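Report on one structure; see the data block that follows.
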Amino acid sequence: MIDYRIVEIFESLQGEGYNTGMPAIFIRFAGCNLNCSWCDTNFRQFKRLTLEQLMAIVGQFNSSNIIITGGEPTMVRDLPLLLSRLKQAGYFIAIESNGLGKVDPLIDYIALSPKFCYQSRYHKIVQPSANEVRIVAEKQTGFIDFCYYIEQHIQAKRYYLSPCEINGEMNMFDTIELLGLINHNRVDNKWLLSLQTHKFANIE
Ligand SMILES: Nc1nc2[nH]cc(C(=O)O)c2c(=O)[nH]1
Ligand code: SF4
Ligand SMILES: [Mg+2]
């Protein structure tokens, strides 16, 4: 029987990026192909849900938007089957991916977050387009070049830098300083700031 390894399903507001504030049902899948030191998500504890169980839980919420996240949702086995069921049911489906897997064409909105700490994994780009790209800011040699490399190889409507918690502290100063450097001497500031606003708003 087909089942899915699910960490949690909850309804909240999109906390990050262009769609900040948009109500959505989050489906968080277990498992990731990376292991970022500052990862804020426990993607190792999960329960197994069948397709029918999953659809029933999702149907109890109000929103018509779904955000598929993880972990790394492009790695989920039998994802196309779930996506086609969700599309049939009329949902708008967004994904949060690290960009190392190909995104299924049934997905309506793609947010990619390539990881500087694994930059060599992005030498080969398998998902060259997205609706938005969000990179977690890390004040390290080569970070800005990585952002430009991603900008050149992943076509997106918008590019964001995002602070994160490293050793219990949000690297806000480093993030805005890097943002200024990345946008320096440009006619259009191509890179914008994305905050994990749900953490400030104390919601999931
Ligand atoms: N509110 C809220 N927005 C989010 N956007 C992306 C999230 C994620 O963990 O992938 C997330 C999350 O965990 N919570
Ligand atoms: S890619 Fe995302 S989910 Fe995976 S380890 Fe890194 S931050 Fe965590
Ligand atoms: Mg999160």
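Laboratory data are not the source of any read-out in this text; all were calculated from the coordinates shown. What you see is a predicted model; the values in this text were computed from it and never measured. Neighbour counts run over all protein chains shown; Cβ positions are idealised from the backbone, glycine included.
Along its principal axes, the stretch 1-109 has C-alpha extents of 37, 36, 24 angstrom, given from the largest down. Placing dummy labels 7 Å off each Cα toward the beta-carbon, the span from MET55 to PHE173 is 5.4 nm. In loop segments of the stretch 66-153 as defined by DSSP, there are no chymotrypsin sites (Phe, Trp or Tyr not before Pro) with at most 11 further C-beta atoms inside 10 Å of their C-beta. Within the straight-line cut-off of under 22 Å between alpha carbons, the lysines reachable from LYS157 are LYS102, LYS115, LYS124, LYS190, sequence neighbours fewer than 8 places apart in one chain being disregarded.
Of SER12, SER162, the sequence from fewest to most neighbouring Cβ atoms within 10 angstrom is SER12, SER162. A straight chain from ASN62 to PHE92 at 0.36 nm per residue would run longer than the Cα-Cα distance by 9.5 nm. Name the residue, out of GLU169, GLU151, GLU177, whose mean-square fluctuation peaks in a Gaussian network model built on the chain with Cα pairs under 10 Å. Of the options given, GLU169 has the highest mean-square fluctuation. Placing dummy labels 7 Å off each Cα toward the beta-carbon, the span from HIS123 to ASP108 is 3.9 nm.
Could you tell me what percent of the DSSP beta bridges with both partners in the chain are antiparallel, to the nearest 5?
Numbers: 13 of 37 bridges.
In the chain, DSSP labels about 35 percent of beta bridges as antiparallel.
On a 0 to 90° scale, report how tilted helix 172-183 is relative to the longest principal axis of the chain, with both axes built from alpha carbons and the result rounded to the nearest 10. Between the helix axis and the principal axis of the chain, the angle is about 70 degrees. A Cβ-based charge dipole, computed about the Cα centre of the stretch 3-200 with Lys and Arg at +1 and Asp and Glu at -1, lands at about 420 debye. When the Debye formula is applied to the Cα atoms of the chain, each taken as the same point scatterer, what base-10 log of I(q)/I(0) results at q = 0.08 Å⁻¹? With one equal scatterer per Cα and no solvent, log10 I(q)/I(0) is -0.27.
Run the paramagnetic zone check for ASN42: 7 angstrom along Cα to Cβ, then residues of the stretch 69-108 with backbone nitrogen under 14 Å. Residues 71 qualify, since their backbone N sits under 14 Å from the label point. Entry note, the chain: the mean residue ellipticity at 222 nm calculated from DSSP H runs of n ≥ 4, each adding -39500 (n - 2.57), is -6500 deg cm²/dmol after division by the residues and rounding to the nearest 500. The separation of the stretch 177-201 from the stretch 14-38, counted between C-alpha centres, amounts to 19 Å.
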